[in-house]
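Have a look at the structure below before the remarks.
The values are calculated or read from the model by the stated rules, or taken from the named source; none is laboratory data. Because the structure is a prediction, the values reported are computed rather than measured. We place every Cβ from the backbone using ideal geometry, glycine too, and count neighbours over all the protein chains shown.
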Amino acid sequence: MIEELLYSAPSYLSTLIFFALGAGLLMMVLGFVTYAILAERKVIGFMQLRVGPNRVGGPLGLLQTVADVLKLLLKEDTIPKAADRPLFILAPVIAFAPAFMVLAAIPFSESLRFSDLGIGLLYYIAISGISTVGILMGGWASNNKYALLGGMRSAAQMISYEVPLVMSVIGIILLTGSLNLVEIVEAQQNLAYLFVQPLAFFIFLIASVAELNRTPFDLPEAESELVAGYHVEYSGFRWAFFMLTEYVYLFAMASITTILFLGGWNPVPFLEFIPGVIWFAIKFSIIVFIMIWLRATLPRLRADQLMSFGWKVLLPLALLNIFISAVIKEIWF
Amino acid sequence: MIRTEEMLLNVGPQHPSTHGVFRIVLKIDGEIIKEAKPVIGYLHRGTEKLAEDLQYTQIIPYTDRMDYLSAMTNNYIICHAVETMMEMEIPERADYLRILVMELGRVASHLVWFGTYLLDIGAMSPFLYAFREREMIINMLNEISGARLTFNYMRVGGVKWDAPEGWIEKVRDFVPHMRKQLAGYHDLISGNEIFLNRVKGVGYYTKEDAFAYSLSGANLRCTGVDWDLRKKEPYSLYDRFDFDVPVFDGGDAWTRYQCRMAEIEESLKIVEQAVEQFPAEGDIMAKVPRIIKPPAGETYVRIESPRGEIGCYIASQGKKEPYRLKFRRPSFYNLQILPKLLEGENIANLITILGGIDIVLGEVDG
């Protein structure tokens, strides 16, 4: 159905349907965020020999995040007197809107997708870069020294890691000959790019963790150094928006990793009877779990090490990967 | 040219990584520290002045609150000072109990340091693992003294309580368990590339600096100086045990980490031997007069606490209260080198260096 709508001429009906689908996707993502936070707390709790949330919503704490969100809604919304008021209010929105915009380009299965963008990958990378501006803006507008340091760190980090992130996927673009995410998945029908481009996968995974500001790259909000980093002055729902951004990006990044390297909705051989969406969900969950696992295991890098790692290790490796991919393409394809 | 200016950043007294109410005023250029000024005294309770109006037994609970992570060594230093003045003989069983609780306290203290240090560096889990083992020690100390942190366990002439039924066996079983867990910590942390990058070469100082700033404990031994009062000036029964003093030559945060981790192992060795040698019966208190009045005169004793050399000076006029009491609190001395180490470092290293010194604010502020 969606396929037909995608290629039909725009009409009031299709606009309405897409609007409803968009709302549905929004609900799905919010549901993911709710339970990703719970899962993160539960998994880390398990790894740290704790039980994690277990009070609200039964012994599994199923309503813990809901309660947290309600609490945030009821909190007083404070804006510091010395803050740059318009920027302070705008920052969470600018950080948050692109996080949802990128979701439009992500196909979840052959039929479950909301756009057929020829430049899907480019769109994703370009839009996701905007969030940095929001974070930097929040850090600056708070008029707080810790927030400023966090904001600057975040800007430096995201710019440095965006480069290897983009470079690492060029190999895939070369092999597929397309920026369209659906075509990239279809090209992996026989073999996932994880096995064709292992180097690119690791670069992409590392750079995406850095992009997501998660341990071991959580410098912008390094709790033990900068207290809370760029959102130190934010409270209530504005703060929640920054957190929401982070988890929506987790969703988007895990999806894009699944699509680019794990073969998206392509099933594992002999298990073709399971629908593509389920395969997508399984692969996606593995990536999310890895992110949570890393958080429970690793210490944090230092800002200068982070920079030198990004520029001196990841970027040359990504360039090498492009070179190798080009040679392979020239010889075998 | 863009005009730049230095920023004054106030870290603490409420900050997640200052280990209490420590405050440091930084002049920073970007993230580089130009000047650091520590401000202390937020936890000052005037222990030494208060002690002048207290009988010797009454001072003991105050020492619990100085270095609250290893209160047993603090208990010991005041008792040891008075016992030295009165030339008292301590029953063997009491001495063994003292050594057992002090060494268990040292392990617990190093575990807290290990956990919080890794937490500072950004790893969450080791903190919880370390606290699991520490909890076992705290429970054992709770069983023997009735308190989890502020033990008030030792008395002039011995200890207050005898080991309860089965306590020695518990301690014996704890040693192999702790060794196993320690190996786990090493697997998780000591080889971690990120951790090594964070600590290697950070906060370097030489042997001469360490002497000049009167550093002690692991902060001194990390520069290659073999100095441990348990070996050099054996007090209590420490000459009866076979253990090594871990000495590393490096002078950076990484060797300080290695030093402390090795010290846990050595303390376990001492605990193991003390359990073996533990006398089946005997008194736990010497014959002590009802009111303790050390003879007029002065004395200074020093022992090795987990944080370094803790000393106690007593000036007595033969009364039941001391005329003057002074503690040499190792954290306070160890902290003095901080401004020198911080110059030219970035903010992330501030946390690594401060954590590596291992301060307890109760002790710094007295």
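For the reader, a short list of remarks on this structure follows.
- Complete set of residues in the range B:273-291 that are in a loop (DSSP other than H, G, I, E, B) and surrounded by fewer than 20 Cβ atoms within 10 Å (Cβ to Cβ): B:F278, B:P279, B:A280, B:E281, B:G282, B:D283, B:A286, B:K287, B:V288, B:P289, B:R290, B:I291
- Scanning the range A:310-330 for residues that are under 30 Å from A:L219 (Cα atoms) and not charged (D, E, K, R) yields a total of 12.
- Meets criteria (small (G, A, S), within 14 Å of chain A (Cβ to nearest Cβ) and either surrounded by fewer than 19 Cβ atoms within 10 Å (Cβ to Cβ) or farther than 25 Å from B:C259 by Cα (or both)) for B:G297: no
- Residues of the range B:107-154 classified as more than 14 Å from chain A (Cβ to nearest Cβ) and of a type in the set (A, V, I, L, M), total: 12
- Among the residues of the range B:182-211, the one identified as of a type in the set (A, V, I, L, M, F, W, C) and not in a helix (DSSP H, G or I) is B:V202.
- Screening A:A200, A:A207 for residues that are more than 14 Å from chain B (Cβ to nearest Cβ) and under 30 Å from B:I32 (Cα atoms) leaves exactly one candidate, A:A207.
- Any hit, the range B:338-346, residues being outside any strand (DSSP E or B), surrounded by fewer than 19 Cβ atoms within 10 Å (Cβ to Cβ) and free of Cβ contacts under 8 Å to residues at least 40 places away in the same chain: no
- Residues in the range A:289-327 that are surrounded by fewer than 16 Cβ atoms within 10 Å (Cβ to Cβ), in contact (Cβ under 8 Å) with a residue 12 or more places away in the chain and over 30 Å from B:Y117 (Cα atoms): A:L319, A:L320, A:I324, A:A326.
- A:L60 of a type in the set (A, V, I, L, M), surrounded by fewer than 16 Cβ atoms within 10 Å (Cβ to Cβ) and in a loop (DSSP other than H, G, I, E, B): yes
- On the stretch given as the range A:167-224, residues that are of a type in the set (G, A, S) and closer than 26 Å to B:L118 by Cα total 5.
To keep it simple, each residue is scored yes or no on (1) in a loop (DSSP other than H, G, I, E, B); (2) under 17 Å from A:G310 (Cβ atoms); (3) touching a Gly at 6+ places or on another chain (Cβ under 8 Å).
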site	(1), (2), (3)
A:L175	no, no, no
A:V185	no, no, yes
A:Q188	yes, no, yes
A:F195	no, no, no
A:I206	no, yes, no
A:V209	no, yes, no
A:R214	yes, yes, no
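- No other residue among A:P107, A:P92, A:P98 is out of contact with any Cys (no Cβ under 8 Å at 6 or more places or on another chain) and not in a helix (DSSP H, G or I) apart from A:P107.
- The range B:199-230, subset of a type outside the set (A, V, I, L, M) and touching a Cys at 6+ places or on another chain (Cβ under 6 Å), residue surrounded by the fewest Cβ atoms within 10 Å (Cβ to Cβ): B:R221
- Candidate set from the range B:310-337 (those that are over 15 Å from B:E363 (Cβ atoms) and β-branched (V, I, T)); member that is surrounded by the most Cβ atoms within 10 Å (Cβ to Cβ): B:I314
- Being without any contact (Cβ under 8 Å) to a residue 60 or more places away in the chain, touching a Phe, Trp or Tyr at 6+ places or on another chain (Cβ under 8 Å) and under 25 Å from A:Q48 (Cβ atoms) holds for only one residue in B:Y117, B:Y129, and it is B:Y129.
- Per the conditions (1) touching a residue at least 24 places away in the same chain (Cβ under 8 Å); (2) assigned to a helix (DSSP H, G or I), the sole criterion not satisfied by A:L117 is (2).
A quick yes/no check of all residues on (1) in contact (Cβ under 8 Å) with a residue 24 or more places away in the chain; (2) crowded, with 22+ Cβ neighbours inside 10 Å; (3) on the phi < 0 side of the Ramachandran plot:
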residue: B:G146; (1), (2), (3): no, no, no
residue: B:Y153; (1), (2), (3): yes, yes, yes
residue: B:A163; (1), (2), (3): yes, no, yes
residue: B:Y185; (1), (2), (3): yes, no, yes
residue: B:N197; (1), (2), (3): no, no, yes
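- Sole residue being modelled with pLDDT under 90, out of contact with any strand residue (DSSP E or B) (no Cβ under 9 Å at 6 or more places or on another chain) and within 14 Å of chain A (Cβ to nearest Cβ), chosen from B:H15, B:H19: B:H19
- Screening B:L8, B:L104, B:L26, B:L97 for residues that are crowded, with 17+ Cβ neighbours inside 10 Å, within 14 Å of chain A (Cβ to nearest Cβ) and farther than 16 Å from B:S331 by Cβ leaves exactly one candidate, B:L26.
- Total residues in the range B:212-235, condition among the small types (G, A, S), in a helix (DSSP H, G or I) and in contact (Cβ under 8 Å) with a residue 60 or more places away in the chain: 1
- Matching option when the condition is farther than 27 Å from B:D53 by Cβ and either in contact with a strand residue (DSSP E or B) (Cβ under 9 Å, 6 or more places away or on another chain) or within 14 Å of chain A (Cβ to nearest Cβ) (or both), among B:L325, B:L341, B:L268: B:L341
- The number of residues in the range A:244-278 that are in contact (Cβ under 8 Å) with a residue 12 or more places away in the chain and out of contact with any helix residue (DSSP H, G or I) (no Cβ under 9 Å at 6 or more places or on another chain) comes to 3.
- Scope the range B:47-97; condition free of Cβ contacts under 8 Å to residues at least 40 places away in the same chain and either in contact with a Gly (Cβ under 8 Å, 6 or more places away or on another chain) or of a type in the set (A, V, I, L, M, F, W, C) (or both); matching residues: B:L50
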